[in-house]
Amino acid sequence: TVYVPDFFIQYKDKKGRARVELIEIKPSSQAMRENIGKNKQNQAAYIVNRAKWEAANKWAKGKGIRFRVITESDIFK
């Protein structure tokens, strides 16, 4: 299986330090256990997503990259 995150970004923070991040965007119904509810599709998506994200996080850490998952609540603050 091939996993491709939504964004790979490079930027400089406020102090001028170079930063690199892998970012995945998902609806909270598929990303946050407390928002899944009883919907079987969301439950299955959550399980698959968690496995992908664990692998992505491990890979990113090995490269010195930050991995994060954001949801609509992060985007529309």
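The values are calculated or read from the model by the stated rules, or taken from the named source; none is laboratory data. Because the structure is predicted, anything quoted here is derived from the model rather than measured. Counting neighbours? That spans all protein chains shown, and the Cβs are built from the backbone with ideal geometry, glycine included. Note: accessible area is taken over every heavy atom of the protein model, side chains too, but ligands, DNA and RNA are not part of it. Shrake-Rupley method; radii C 1.70, N 1.55, O 1.52, S 1.80 Å.
A simple spin-label model places pseudo-atoms 7 Å from Cα toward Cβ; at Tyr3 and Asn57 they are separated by 1.0 nm. Checked against a 31 Å cut-off, the cross-linked pairs Lys14/Lys38; Lys52/Lys77; Lys14/Lys40; Lys12/Lys38 give Cα-Cα distances beyond that limit for Lys14/Lys38; Lys14/Lys40; Lys12/Lys38. Here the sum of -39500 (n - 2.57) over DSSP H runs of 4 or more residues, divided by the residues of the chain, equals -12500 deg cm²/dmol at 222 nm, to the nearest 500. Projection of the Cα convex hull of segment 38-77, averaged over all directions and equal to a quarter of that hull's surface, yields 3.6 nm².
With all protein chains present, how much of the accessible area of the chain (probe radius 1.4 Å) comes from carbon and sulfur, to the nearest whole percent? Looking at the chain in its full context, I get 53 percent from C and S. Put a plus charge on the Cβ of each Lys and Arg, a minus charge on the Cβ of each Asp and Glu, and nothing anywhere else: the dipole of the chain about its Cα centre is then about 340 debye.
Ordering Pro5, Ile65, Asn42 by the projection of their Cα atoms onto the charge dipole of the chain, which places +1 on the Cβ of Lys and Arg and -1 on the Cβ of Asp and Glu, puts Ile65 at the extreme positive end. The alpha carbon gyration tensor of the chain gives principal lengths a ≥ b ≥ c with a/c of 1.5 or higher and a/b no greater than b/c, which makes the shape oblate. Extension gain, Ile70 to Ile25: 0.36 nm times the residue separation minus the Cα-Cα distance gives 15.7 nm. Per residue, the chain exposes an accessible area of 78 Å² to a 1.4 Å probe, with every protein chain left in place.
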